[in-house]
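Beneath this line is the structure, given in structure tokens, with notes to follow.
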């Protein structure tokens, strides 16, 4: 299958990342779309069935896909993804952890502690951003900064999803008190600023476009933590469009 299938999938299921792809240079889009499509597939796998075993099988199927990129699979995302894995030499352990972490979404169990939640964000959002950077030619010295930015972006999106997770019977936060939520958002801002201080090569910055809303959302959550539980954590259309345009045109993050 072609990249068009990945693009259509991301456009329907992850419009924020699709907007980030459209803001990226043409050459980067072919490297980002298969990864964003993979992320969407594994993120929704735990929710498509009420049977945990079926969800487990779906995740295992994707683990097999990334573990054996030279073995063709009959799926619209698998072919371009496997080609990218082979061409870019994407780290298989990072791919596997990104998928494996989604097993938490299958259960209704809360995180054991804050460290467990931190690890979930690290393996999912931060891992995806590092894979995106690797697809654009990242060197190991850029990993810490990219992951810090990816973790902050993942936290922002996770906080925005809290009402839906709670409605689905999950216990999404270790400590849902307003003060704890505010402190968690501040931690995200600290990691975002650490990424800026460390710096990321300009060639890799299209991978960071997916986090264009992170700072605004985290600042809102820090000053108004009740917005998280009440489903009010969002940027205005003007702020969203302006921030993405600014980040895409300046290369700053």
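Throughout, read-outs are computed from the coordinates displayed, never taken from laboratory work. The shown structure was predicted, so the numbers you read here are calculated from the model rather than taken from an experiment. Note that we place each Cβ from the backbone using ideal geometry, even for glycine, and neighbour counts take in every protein chain shown.
Values for this structure:
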{"quantity": "Residues 108, 44 arranged by fewest to most Cβ contacts within 10 Å", "calculated": "108, 44"}
{"quantity": "Whether the range 80-157 is rounded, prolate or oblate, judged on the alpha carbon gyration tensor where a/c under 1.5 counts as rounded", "calculated": "oblate"}
{"quantity": "Footprinting exposure proxy for 36, 120, 149 (fewest neighbouring C-beta atoms within 10 Å first)", "calculated": "120, 36, 149"}
{"quantity": "Full-stretch length increase - residue 250, residue 179 - with 0.36 nm per residue and alpha-carbon distance subtracted", "calculated": "22.1 nm"}
{"quantity": "Calculated [θ] (222 nm, deg cm²/dmol) that DSSP helices of n ≥ 4 give over the chain, each run adding -39,500 (n - 2.57)", "calculated": "-20000 deg cm²/dmol"}
{"quantity": "Debye intensity ratio I(q)/I(0), log10, the chain, q values 0.10, 0.13 Å⁻¹ (C-alpha model)", "calculated": "-0.46, -0.80"}
{"quantity": "Cβ-based exposure ranking for 93, 105, in which fewest neighbours within 10 Å come first", "calculated": "93, 105"}
